[in-house]
Structures are given as structure tokens and as C-alpha cells.
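Written below as C-alpha cells is the structure these notes are about.
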Amino acid sequence: MYTGLQHAHSFIAYAALILLIVASINGIIGMTSNKEFKEGDRKIALFALIFTHIQLLVGIILYFVSPLVQSFSVAMKDSTLRLYALEHPLINIIAVVLITIGFSKHKKATTSKAKFKSIAIMYAIGTLLILSRIPWSNWL
């Protein structure tokens with residue numbers, strides 16, 4: 001079960017990151033070019049949101065079944081264990097919250113520029129946070 005969850009967490013991460021990058025770039029382009037916010041733009045942001053939430057749920061399950069996450073007193077002394085036990089989950093939860101806020105704010109916005117702006121800023125910050133805490137040595 002643990003290995004299957006690890007593989008799912010890795011594969012969903014690829015899709016989530018690609019969608020987040022596409023949604024962020026689409027938001028930046030839309031915001032700077034003053035184009036009209038269309039249904040396709042909403043779907044890109046929505047799919048990125050959905051995949052990040054699925055990734056979060058799989059990650060939470062993986063966190064509780066992982067042999068790497070033992071006790072915090074042990075994890076704080078080892079940088080690799082600290083990454084898995086504290087930094088990776090905490091920063092990624094913050095990133096998913098920011099992405100969710102960005103999607104919610106875009107729904108309340110009345111102009112296309114404001115919709116693109118909320119998606120561009122919040123999704124880009126969330127993507128950068130996620131990229132900062134990926135355990136690259138084990139992921140690639």
C-alpha cells in the first residue's frame with residue numbers, strides 16, 4: 001500500500017505541477033494582455049485546483065502510513081527527516097490554501113483582469129512554494 005501511494009503521489013504531482021504552471025502562465029498572459037476571461041481559462045484553473053487537492057489528500061494519507069515520519073524530536077535533528085515530517089507537508093498545505101484562495105477570489109471578481117490577476121498571483125506563489133519543498137533527490 002505504501003509503495004502504491006508513493007507512486008500515485010509522484011505521478012499526480014507531475015500533472016498538478018504542469019497544470020499549475022499552465023494556469024499561472026495563462027493568468028499572467030491574460031492579466032497583461034487584457035484579454036477576456038473565458039470558460040477555457042476557468043477550466044485550466046479548475047483542473048489545477050482539483051489536481052492539487054487530490055495531491056494533498058494522497059499526501060496526507062501517505063504521511064500517516066509513512067515509515068519516514070516517526071517522531072518530531074528525531075526528525076528535527078535530521079534534515080532529510082525534517083523535510084518529510086514537517087517542511088514538505090506544511091509548506092504544501094500553505095500552497096494549496098493559497099491556490100484555493102486564488103480560485104475563490106477569481107469567482108468573486110467582476111472584471112476579466114481581476115480574475116486573471118487573482119489566479120496569476122496566487123497560483124504562481126503556490127507553485128513556487130510547492131517547487132521549493134519537493135524532495136528532488138528522491139523524486140526524479
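The values are calculated or read from the model by the stated rules, or taken from the named source; none is laboratory data. Please read all numbers here as calculations on a predicted model, not as lab measurements. Quick reminder, even Gly has a Cβ in these numbers, built from the backbone with ideal geometry, and neighbours come from all protein chains shown. For accessibility, only protein heavy atoms count, side chains too; no ligands or nucleic acids. Shrake-Rupley method; radii C 1.70, N 1.55, O 1.52, S 1.80 Å.
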So ILE61, is it of a type in the set (Val, Ile, Thr), at pLDDT 95 or above and on the phi < 0 side of the Ramachandran plot: no
Given (1) surrounded by fewer than 16 Cβ atoms within 10 Å (Cβ to Cβ); (2) aliphatic (A, V, I, L, M); (3) more than 17 Å from VAL96 (Cβ to Cβ), index of the condition ILE21 fails: (3)
All positions within the range 16-41 that are in contact (Cβ under 8 Å) with a residue 40 or more places away in the chain and of a type in the set (Lys, Arg): LYS35
Going through the range 106-124 one residue at a time, which ones are open to solvent by 20 Å² or more (accessible area, probe 1.4 Å) and within 17 Å of THR52 (Cα to Cα)? ILE121, MET122, ALA124
Selected residue (criterion: farthest from the chain's Cα centre (by Cα)) from residues of the range 125-140 that are open to solvent by 30 Å² or more (accessible area, probe 1.4 Å) and among the hydrophobic types (A, V, I, L, M, F, W, C): LEU140
Got a number for residues in the range 45-62 being within 15 Å of LEU19 (Cα to Cα) and either open to solvent by 50 Å² or more (accessible area, probe 1.4 Å) or without any contact (Cβ under 8 Å) to a residue 12 or more places away in the chain (or both)? 5
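Among the residues of the range 110-122, are any touching a His at 6+ places or on another chain (Cβ under 6 Å) and not aliphatic (A, V, I, L, M)?
Yes, some residue in the range 110-122 is touching a His at 6+ places or on another chain (Cβ under 6 Å) and not aliphatic (A, V, I, L, M).
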